[in-house]
Each structure stands twice: as structure tokens, then as C-alpha cells.
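Please read the structure below before turning to the comments.
The values are calculated or read from the model by the stated rules, or taken from the named source; none is laboratory data. As the structure is a computational prediction, the values presented were derived from the model and not from experiment. Positions of Cβ are backbone-derived with ideal geometry, glycine not excepted, and every protein chain shown enters the neighbour counts. Surface accessibility is based on the protein's heavy atoms, side chains included, excluding ligands, DNA and RNA. Shrake-Rupley method; radii C 1.70, N 1.55, O 1.52, S 1.80 Å.
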Amino acid sequence: MKDRGGVRQHIRDYMDRLFYGVRGPRLGLVLLILVYTLCVFYTEKTSRSEGMVFVANQAIPLRSLTGAVSSFGNICVFLMVVFYKKPGAIVSLVSLFYQIPRILMGIFLAHNYTSTAGLVMNFVAIGIVILLYHNNKQIDRYQTRLRMQATTDMLTGLPNRFACNELLDTLIKQNTRFAVAVLNLNNFKRINNTMGVGTGNQVLAGIAHRWREFEKQKLSGTRDLITCQGGDEFALIVREYNSDEELINTITRYKELLEEKITIDGCDYYTTARIGYAEYPRDAKTAEALLACASTAMYESKNRGTDIMRYSVDANDAERSLKMERMIRDALEHGGIYYVLQPQFDITHRLSGFEALARMRDPDGNVVSPGDFIPVAEKLGLVDKIDRAVFRQSAEYFGKLIRETGTDSTLSVNISVRHLLKNDFLDEVRDILSTSGVPAGQLELEITESIMIDSVEKALQCINDIRDMGIKIAIDDFGTGYSSLSYLNNFPADMLKVDKSFIDRMNSNESSKKYVAAIISIGHVMNFTVISEGVEEPEQLDTLRSIGCDYIQGFLWGRPMSPENATSLVMESMKA
Ligand code: C2E
Ligand code: MG
Ligand code: MG
């Protein structure tokens, strides 16, 4: 027996394709056809009729309305083409052509020559329908091309991040179960750095081509879409799987395709990837959150040493971070974010400035340290708000301090890259400088090295603009972010802050000491002044002195303190 369901599905698919891109509901087309048929029927009946119709006691011959009704019919035909594209054009042309033999018969058999005008109008209408349809098609083609460009990653030809989010949103609206896996190539930068970006691009395009072919042939047994999220990161959306095993099978197939050898210009390249995945609706309910969960799992896969990792949350962790989130939002709203100042000295123990460090008060009034709330704020996208609060408050205090004491010391504030990359960051800095009265030369912005490496290109312009204003830049936590010498050489900074971890190890063996000495000399060669963070012991200070460090920050000479204590310290140092 014939599979009726299959035939029905075929018809439905065909109708879907036929009606793709139409702007009105299908019922509208039926109504337009009906109105058009009525108009034709009316003109047929009245063109030779002697009947009258009375409007406001005025007798109007029915025949005189024929032209108006016929024009109305033609308008229906044009509307069909405009709104219903191909189906509309087919119906219109069939109806218009159908009229021709009917009118011709009227002219030649019944000698009704008044219909000649109708015949001409019919041909004109056919011409307009063809023109409209052609025009519509061109606009459609143009729109399709634009849409393709907006939703395709140019390098790999895969759907891009925008297309991925669109599909995720649609699936979420349909409330269907699906999974999204994030695939990040391991050490891909190495291919780019050693063989050139051109080869790197060919490798990415080659992998994408393989995946597309696999996807087209529907070999996985599930319904998949692989998309490019930018650079060497991809997202795979998997639907219509019946078990976890089927889902993992599909992800594994994509992983295996990626790991197959790629030959470019006679050289073989091998790539591997870290993969994390999350499921809707189990793990998250929005596209953004799902991708974030899959990315978290992807990073976690590295720690756990597995290739494919499913997203899972430690219930305690989730609860803790939710509590912290509430606390941060509350503190931001009610002024619970404040700052303390840690003094910095030159190597002769002369006060040179202060670093403003954020603190937060919890609802019980206990102090929370930034090590606990800054990472959560970074994840939530709130860190720029914290930076801003600390920056504004500390600059206001410092401006007043300068006016009252005439100190020439510097205020350093920590700036997250997220904050730095905000469009209005420069305006904010200008505004803070003018309202606080701190001269640009007495302000320093600290940017963490590890984060800078990923976003350096975007941030460079902004950093140059800041330096043009006369503000100094310090590279914070130096040594923790694997920066290369060429990166350092081109980086527009004034100060290098050697991370505490190096200072801690410095005196444990000779090689650690040599290491810090090397950092300091390289910093000097590149025209940076060098400050060491976290100096706690006199031995560390002696060593730093002997290897030429310029400035010192640490508990040995000063812990983070309240603004009042900072003012007293400035007064004392000025007296001395
Ligand atoms: P950082 O900018 O490297 O700040 C130095 C940190 O080392 C401070 O910790 C300081 O109290 C601590 N420290 C200084 N000397 C010593 C020492 O001799 N011994 C020990 N054990 N610690 C010392 P804190 O205040 O907990 O800040 C931690 C990190 O939080 C900062 O590291 C910075 O990365 C971040 N942070 C602080 N305030 C802000 C802020 O306003 N915005 C942003 N984005 N990050 C901030
Ligand atoms: Mg700092
Ligand atoms: Mg630091």
C-alpha cells in the first residue's frame, strides 16, 4: 500500500517551498481569487445589460459600472503577484489568459465589439503581472544574497554566529529538545604562527568542507547544523536524537572528521579539539546561556583531560555564585562597593602613589575581598560597573588630597578589559579627570596582562588614546599570561608590575632570582619602570634592590588602608 503520510508530507513540503517568502496568509490568496472571480462574473453579466441600479433616487445603468469593476478585478490580480509571489503570479496569469478566448468569442461570434477595450486591458494586465513578478524576483534574489552574506562565515562558508543564534531561538520557541556543542581547536594559533595565517585559513576551510559534506549526506542519523562562531571556534546543533548515546555518537563523528589529516601544499596538518556540550531545556533556557554552558563544559574538558564533556553544575557552586550575584547587584545599587588604598614606594622608601583596590560589604556588613567577587562579576558582565565605582570614588578622594596637600604621588586604578573596550570609556575617563581635578599625569590605569593578550588589538587604539591624554598605563600581574617579547615590545605601557607569585619564589632558589632579574632588565631595555607586587619580607626587598627594581608594593611597607590613613601617610611623607 502506498504510504499516504509520505505523500502528504511531500505535498506539504512542496507547498512550503512554493509559498516560501510570501507576505500574506494563504487564506488571503483564496479571498483575492474569489473577489476576482466575482468581478469577472459581474463584468460578463453587465457588459451588455440594459439594467439600472438606483443610488439616492438616481438611476445608474449597470453597464457604466463594468469598467470600474473590471479595474477592481485587475487590482486583485496585481495584489496576488505582489503578496503571493510565485503562486500569486501563476493564479493571475491563468485567470488572465483564461479571459482571452472568452473575450475573442464575444467579439467574433457575438459581434460585441465593445469588448475590444477589455481585451487590450487584459494584455496590459498580463504585461504588468509579468513585470511585477520579474521585479519581485530580482528583489528576492537581492534579499537572499544579503541574508546569505549576513548569516554566513566568509572564510569557512558555514552559517555564522548570527545564524546559529537564530536557529537556537527558533528551536527554543518550538520547545524541542536539542543539544549544542562548542568545539574549540587546540593550539590552532601554532599553525597560524608557524605556517602563516593563509595556511591556517585553508585548514579551517578544509575542516568546514568535510563537515558540510557529512552534514549534507545526513550520515550521522540525527539532524545537525554546524556553525562557525568566529576564529577557530565552532558550534554544532544536534536535533532528533533518541538517546544520549546517539547524541555522543554524532558529536564524536564531527570530532573524528576534524582529526583526519589535512594536506595543504604537500604538508600534512593534524588538528584536535576540545568539545563541551549542553542540552535544552535541561541545562539552560536561552540561546546565550546554552552557549555559555557548552563553553564552560569545553573549558572544563581541558582540566578533566577528556575530549568531550557534558555540562554539569555542582549544586553548591551554583548556589554560591547565585548568592554572590545577588550580593554584587545589591552592593552596586546601594553603594556597598568601596575602595581601599595600598601605598607604593620607590626603592628608597619614598612614597610614590597608591593603588585603589575594590572592596564589597555583604548584607551583614562583612568585607568581601575582590578575589571572591571580581571573577563572578566578570562572568556576569558587571565588572565594569565595579571598576567605575572604584575609579570615580577614588579619583574624587585623590583630587581633594592633591588640592589639600599638593602631593605629586600617583593614583593607580585597576581596569578590566571589558570596561576598557566600552565605547564610552574615554569619555568616562575625561569626565572623571575633570570632575575630580586629578591631573592626567598623576593617574595610572592597570590592565591585567593575561586578559590583554586575547584582546590586545581591539584595546590598543584605546590605550594609545589614553596615553595621548597623559595618563600612564601599567601592565598588571606581569609574567602570568605567557606574553611574548615582541608583544611586550610593541605594547604602549609605562610600568610593568611583576606578579606576586614570582616575588614569593624569588628567594627559594638562585634560578628564580635570576628569572626576576631578567624580567626587570628586559623591562628596562623596553623603557618600562618596574614595580614588584606582594613584597612581604626584608630579604625580598634586599634582593629586589640588588637586581635594580624601581618600585615596591607589599605588606612589608604598607597594607591596603582607608582613605583617612592614606591622607595621614601622605602628610607624614611630605614632612619627611
Ligand atoms: P592586583 O591588582 O594585582 O592587586 C594586588 C593585590 O595583591 C591586592 O589584593 C593586594 O591587597 C595584594 N597584595 C599586595 N601586597 C601584598 C602582600 O605583600 N602580600 C599579600 N598576600 N597580598 C598583597 P586584593 O585587594 O585582594 O585584589 C586582588 C585582585 O583583585 C587585584 O589584584 C585585582 O586584579 C583585582 N581588583 C581589585 N580591585 C579591583 C577593581 O577595582 N577593578 C578590577 N577590575 N579588579 C580589581
Ligand atoms: Mg592591580
Ligand atoms: Mg597584580
Exercise. Whole-Hz Karplus ³J(HN,Hα) for the range 103-111, in order, using 6.51 cos²θ - 1.76 cosθ + 1.60 and θ = phi - 60°, x for Gly and Pro?
Worked result: 5, 4, 4, x, 5, 7, 8, 9, 6
Problem set entry | Gyration tensor (alpha-carbon) shape descriptor, the range 319-443, a/c threshold 1.5 | prolate
Exercise. Excluding Asp169 itself, what net charge comes from residues whose Cβ is under 13 Å from its Cβ, given Lys and Arg +1 and Asp and Glu -1?
Worked result: +1
Problem set entry | Descending semi-axes in whole angstrom, ellipsoid equivalent of the range 161-315, from the Cα gyration tensor | 26, 17, 14
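Could you tell me the calculated FRET efficiency between Lys285 and Ser521, based on Cβ-Cβ distance and R0 = 51 angstrom, to the nearest 0.05?
E(calc), rounded to 0.05, equals 0.40.
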For this session: Please go through the residue pairs Lys189/Lys302; Lys323/Lys385; Lys472/Lys514; Lys189/Lys255 and name each one whose alpha carbons sit more than 22 Å apart in this structure.
Result: Lys472/Lys514
For this session: Relative to the longest principal axis of the C-alpha atoms of the chain, give the angle of the C-alpha long axis of helix 425-436, reported between 0 and 90° and rounded to the nearest 10°.
Result: 50
For this session: Pop a pseudo-label 7 angstrom from the Cα along the beta-carbon direction at both Leu485 and Thr405 and give the gap in nm to one decimal.
Result: 4.1
Problem set entry | 0 to 90° range, to nearest 10: angle between helix 244-259 axis and the chain longest Cα axis | 70
Exercise. So what J values fall out for the range 365-370 if you push phi through Karplus, 6.51 cos²θ - 1.76 cosθ + 1.60 with θ = phi - 60°, rounded to Hz, Gly and Pro as x?
Worked result: x, 6, 7, 9, 8, x
Exercise. Which number comes out as Rg/Rh for the chain once both Rg and the Kirkwood Rh are worked out on C-alpha atoms?
Worked result: 1.19
Seminar exercise, completed: Within the chain, excluding any chymotrypsin sites (Phe, Trp or Tyr not before Pro) found in a DSSP loop (not H, G, I, E or B) and having at most 11 other Cβ atoms within 10 Å, the longest uninterrupted segment runs 21-269
Problem set entry | Stretchable slack from Val124 to His111, in nm (0.36 nm times residue separation minus alpha-carbon distance) | 2.4 nm
Problem set entry | Sulfur and carbon atoms: percent of accessible area, the chain [1.4 Å] | 55
Seminar exercise, completed: Counting only protein heavy atoms and leaving out ligands, DNA and RNA, the solvent-accessible surface of Met526 at a 1.4 Å probe, in Å² to the nearest 10, equals 40
For this session: Please give the calculated 222 nm ellipticity per residue for the chain, where each DSSP H segment of at least 4 residues contributes -39500 (n - 2.57) and the sum is spread over every residue; nearest 500 deg cm²/dmol?
Result: -19000 deg cm²/dmol
Seminar exercise, completed: Subtracting the Cα-Cα distance of Lys575 and Lys189 from 0.36 nm times their residue separation yields 133.5 nm
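Subtract the Cα-Cα distance of Arg304 and Asp372 from 0.36 nm times their separation in residues, and report this length gain in nm to one decimal.
Going from the current span to full extension adds 22.1 nm.
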Exercise. Once the Cα atoms of helix 26-46 and of the chain are each reduced to a long axis, what angle between those two axes, in degrees from 0 to 90 to the nearest 10, is obtained?
Worked result: 30
For this session: Run the quick spin-label model on Arg326 and Gln174: label points 7 Å from Cα toward the beta carbon, then report their separation in nm to one decimal.
Result: 3.8
Exercise. So what J values fall out for the range 347-352 if you push phi through Karplus, 6.51 cos²θ - 1.76 cosθ + 1.60 with θ = phi - 60°, rounded to Hz, Gly and Pro as x?
Worked result: 5, 8, 6, 8, 4, 10
For this session: Hey, can you find the accessible area per residue of the chain for me, probe 1.4 Å, expressed in square angstrom?
Result: 54
Seminar exercise, completed: The correct pair for the range 489-576, radius of gyration to one decimal and Dmax as a whole number, both in Å and from Cα atoms, is 14.5, 42
Exercise. Counting Lys and Arg as +1 and Asp and Glu as -1, what is the net charge of the other residues whose Cβ lies under 12 Å from the Cβ of Ile191?
Worked result: 0
Problem set entry | Euclidean distance of C-alpha centroids, the range 139-174 and the range 327-377, integer Å | 44
